[in-house]
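Input: a single structure, listed below in structure tokens.
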Amino acid sequence: MKNLLWFSLLIFLLNFLFSCDNVTSPTENDAPTDLEIEVISNNQFKLSWFYNKTTEDTITFHIARKVGEGGWNENYAEVEGDVFQFIDNDVSAIDNKIYAYKIRYFNTNEKEYSVFSEAIAYFSPFTYPSDLQIEQTAQKEITITWTDNCIGEQGYKLDKKINDENWQNEYIILNPDLEIFLDQSAMFDSLEYRVYAFFGISRSEKIADTLFTTLMPPSNLTSSLPDHHKVRLNWLDNSDGEEKFVIDKKVGELDWQENFAQVDSNLTTFVDDIYLSCATLQYRVKAVLNEISSPYSNIDTINVRLNIVGELETPGQANQVFIPEWTAFLADNYEGLQVVDCNNPNSPQITQNYPLPDRTLSVFVQDNFAYVATHSGISSPGMLSILDITDLNNPIITGSASTQGIPKHLFSAGDYAFLAEGENGLSVMYIAASTPGYLANYPLEDARKVFVNNDNIAFVAKGMYGLAILDVSNPASPQLITEISTDGLCNDVHSYENELFLADGEEGLQILDITDLTNPINIKNIKTNGFAFGVTADEEYIYLADKEKGLFVIDRSQPDSIYILGSLELENEPSSIHLSGSYVYITDEIGLKIIQVKE
């Protein structure tokens, strides 16, 4: 009887509990399917789904939403059971946050939820990964990197394809916010990877790249000069199984000499014999196995000579330098004329200073006399002064004369000084007497530099007006032979035998054949990608000073193959260039630079 009472009481309690207004736990029954997102506008998404209703009970659909790194809002929205879509007006289709959704139904009669559908998400173009890089970072190691642009993704997936095999979809699944994956690979495989962000069953667009695994390139290629006739190369061997290393070489602006040299696989050094007066040399190395080559090492650049061996800071602003043998004479602007001992090119020393009125612009030395042009600015546009330099420790001025224009540059030839006087053109002064005397003038638009050859032909650089060629065999009556225009700013001019060299500003170096002075022919234009300002030359080389790029050495020994042999960057803009012996002397606003270009 007691057992019957207890059983009746249990039945009563169970009936009571199930009759209360309680919601059941989620079940696995009939979740909505085929959930999709459609972008209506930048601020509207349309959700749609399918549900196979099998009951007459009243149901509603509950929509959960997750934005970016926020949590799920499981009661974000609710729609009636006979409506299989929802418009979300609180979205942005143009940011880098993901918008994720899932849906379930609620049976109001049974107070029962279904489980949620599979989650889907919208990935705007701003969420896509970018900058995919696939690198072989070791002989059998691949490093894949990308940029994570997404906020709120569940993670990243990588697909992989080897050679012609099928894609290995979801080859690796990675945590969110990662931007790197290390993979292992065999040698000589063609690899392709695809990377994409995912959330639920949705994913971003994929980005892909390929790589062929090969021998690892040598690294840390460095060069040194045991002496000026040898370059020693050293590098690190990062590959396994190579049979040799192949070395390429580049001289100046010439093309690469591929397969210039080879060494066995157990060597990581090479010595190159050099027979050039000076040059800029470049090298690169690769590992080789049979017909397969690694990528190249870094390119190493070295100058053979063509480096600053000595420099001197002057008290003024050095405008021009002239060097007879081992003594340099500097026109040092407001600080007059500096006399510099260059017997030790590594350590030039000022030995004498000769003050002159106003600004010292140009100097030319001939025999035991220095001819100095100054911009007077007091009683006349300028002055030409003659200094007796027989005793270098005690220069003596013998006389001076006024110029008609500002003497930007002077060139002395025999008994005459030729002055480039800007807007006043070319003037000629007699300098055989102790005091110079004015002789003649030929009007030109913008005379900047003048060079007179042994045939008494004067070449005058005229800036934007090009070049003038004059016969000055009768200095008292210069005669114009011809004028030519250039594409740049003709800043300086130098002649050697039947060739003429122009520093032509942004147009670089112009080389002209002047066999026929009445019809100069442009035979070569070498661009420097800077601003060519000064030029000088000898029988084999042209030396070009560029305000932006420094010093260039151009090999002209083979008329059919004129090319940039080497270059040297300079910190300051050069103002003049002069060649003497094995050295090029360059002035700038700081002072004097001495650069060795020959033995």
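Among the trypsin sites (Lys or Arg not before Pro) in region 194-274, those located in a DSSP loop and surrounded by at most 16 other Cβ atoms within 10 Å of their own Cβ are 206.
Run the Debye formula on the Cα coordinates of region 219-301, all scatterers equal and no solvent, and tell me log10 I(q)/I(0) at q = 0.16, 0.19 1/Å. Taking Cα atoms of region 219-301 as identical point scatterers yields -0.57, -0.79. Between helix 2-19 and the chain, what is the angle of the helix's C-alpha long axis to the longest principal axis, kept within 0 to 90° and rounded to the nearest 10? Tilt of helix 2-19: around 40 degrees.
Hey, if you drop one equal point scatterer on each alpha-carbon of the chain and run the Debye formula without solvent, what base-10 log of I(q)/I(0) do you get at q = 0.11, 0.12 Å⁻¹? Each listed q corresponds, in turn, to -1.00, -1.10.
In this structure, residue 219 and residue 571 have a Cβ-Cβ separation that, at R0 = 35 Å, corresponds to a calculated FRET efficiency of about 0.70. Placing pseudo-labels 7 Å out from each Cα toward the beta carbon at residue 34 and residue 485 gives an inter-label distance of 7.6 nm.
3J(HN,Hα) along region 131-145, derived from phi through the Karplus expression 6.51 cos²θ - 1.76 cosθ + 1.60 where θ = phi - 60°, amounts to 6, 5, 10, 10, 10, 8, 9, 8, 4, 10, 10, 10, 10, 10, 10 Hz, with x in place of Gly and Pro. Fully extending the segment from residue 170 to residue 74 would add 31.7 nm, taking 0.36 nm per residue of separation and subtracting the current Cα-Cα distance.
I want the local charge near residue 47. Using Cβ-Cβ distances under 12 Å, sum +1 for each Lys or Arg and -1 for each Asp or Glu among the other residues. Before the final figure, lay out each step's value.
Details: positive: 46, 65, 102; negative: 34, 36, 38, 88.
Around residue 47, the charge tally is -1.
Using the Cβ-Cβ distance between residue 178 and residue 599 with R0 set to 35 Å, the FRET efficiency works out to roughly 0.05. Dividing the mean sequence gap of close Cα pairs (under 8 Å, 6+ apart) by how many residues region 127-265 holds gives a relative contact order of 20 percent. Full extension of the chain between residue 464 and residue 43 yields a length gain of 145.5 nm, computed as 0.36 nm times the residue separation minus the alpha carbon distance. Estimated at 0.36 nm per residue, the fully extended path between residue 563 and residue 341 surpasses their Cα-Cα distance by 76.6 nm. Spin-label model, residue 186 to residue 55: label points 7 Å out along the Cα-to-beta-carbon direction sit 5.7 nm apart.
Add +1 for every Lys or Arg and -1 for every Asp or Glu among the other residues with Cβ under 13 Å from the Cβ of residue 130, and state the total.
With Lys, Arg at +1 and Asp, Glu at -1, the neighbours total -4.
Relative contact order, whole percent, for the chain stands at 7, derived from Cα pairs under 8 Å and 6 or more residues apart.
With each label modelled as a point 7 angstrom along the Cα→C-beta vector, the residue 266-residue 456 pair spans 7.4 nm. Backbone N atoms of region 194-214 closer than 20 Å to the 7 Å Cα→Cβ label point of residue 145 belong to residues 194-197, 207-214. The HN-Hα couplings worked out from phi for region 426-443 by the Karplus form 6.51 cos²θ - 1.76 cosθ + 1.60 (θ = phi - 60°) are 9, 10, 10, 10, 7, 10, 6, 8, 5, 10, x, x, 5, 10, 7, 8, 10, x Hz, whole numbers, x standing for Gly and Pro.
A Förster distance of 25 Å, applied to the separation of the beta-carbon atoms of residue 298 and residue 130, puts the FRET efficiency at 0.40. When the helices of the chain are scored as -39500 (n - 2.57) per DSSP H run of n ≥ 4 and the total is divided over every residue, the value at 222 nm lands at -1000 deg cm²/dmol.
Counting neighbouring beta carbons within 10 Å and listing from fewest to most, the residues 116, 126 come out as 126, 116.
Quick note: the coordinates plus some simple rules give every number you see, no bench work behind them. Remember, predicted model here, so these are calculated numbers, not experimental data. Cβ sites come from the backbone with ideal geometry, for glycine too, and all protein chains shown count toward neighbours.
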